[in-house]
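The values are calculated or read from the model by the stated rules, or taken from the named source; none is laboratory data. Source: prediction; values computed, not measured. Side chains are part of the model used for accessible areas, which takes the heavy atoms of the whole protein and leaves out ligands, DNA and RNA. Shrake-Rupley method; radii C 1.70, N 1.55, O 1.52, S 1.80 Å.
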Amino acid sequence: MTVVIFAVVALAVLGLLVLVHRWLWIRLVRDTTRPGGAWRRAGTALAFALPALAVAALTAGRAGAPFWLQRAVSWPGFMWLAVLLYLTLAMLVAEPARALLLRRPPRQPPEPTLPAAPAPAAAALRDEAGWCDPGRHDKLLKTNEIKLN
């Protein structure tokens, strides 16, 4: 009976560890990086390596691993468990804010404004060069009468 309870608790803890790492991977890696990019590959590799180190740190002593191996996996494994705890708590606090920000409607681009009325001197120059009358433009090109001043 004790073995069954231990197995159920161990499976529950491992399942929780997998779910938390999956959720953090989605929020911190998948949602922030491009598919196939170097950062996504590095984040995915860490998402697999860090929980493996944590499980190794938890089980190395009980499994009778050599002391040098226990020492090698315990420091990063237990450190990751501490970081995981604080990171999970921070993400749980930030998740409602994220949900509220995603719920609000997207910003509409500003309405295009009409250009200000041109100054009288600029309007006179445009009229003189033939920019207001499309038909005059062809006439000016044919006769080469474009005046610059």
Problem - Spatial separation of Cα centroids for region 74-114 and region 1-69, in angstrom - result: 21
Problem - Segment Arg30-Leu11, length gained on full extension (0.36 nm per residue, minus Cα span) - result: 4.2 nm
Exercise for the section: Take the solvent-accessible surface of the protein heavy atoms, probe 1.4 Å, and return the percent of it on region 1-98 that carbon and sulfur atoms account for. Expected result: 78
Practice task
Calculate I(q)/I(0) for region 1-89 by the Debye formula, one identical point scatterer on each C-alpha and no solvent, and give its log10 at q = 0.15, 0.18, 0.24, 0.26 Å⁻¹ to two decimals.
Solution key: -0.67, -0.88, -1.18, -1.25
Practice task
With a 1.4 Å probe and every protein chain left in place, tell me how much accessible area Trp80 has, in Å² to the nearest 10.
Solution key: 40
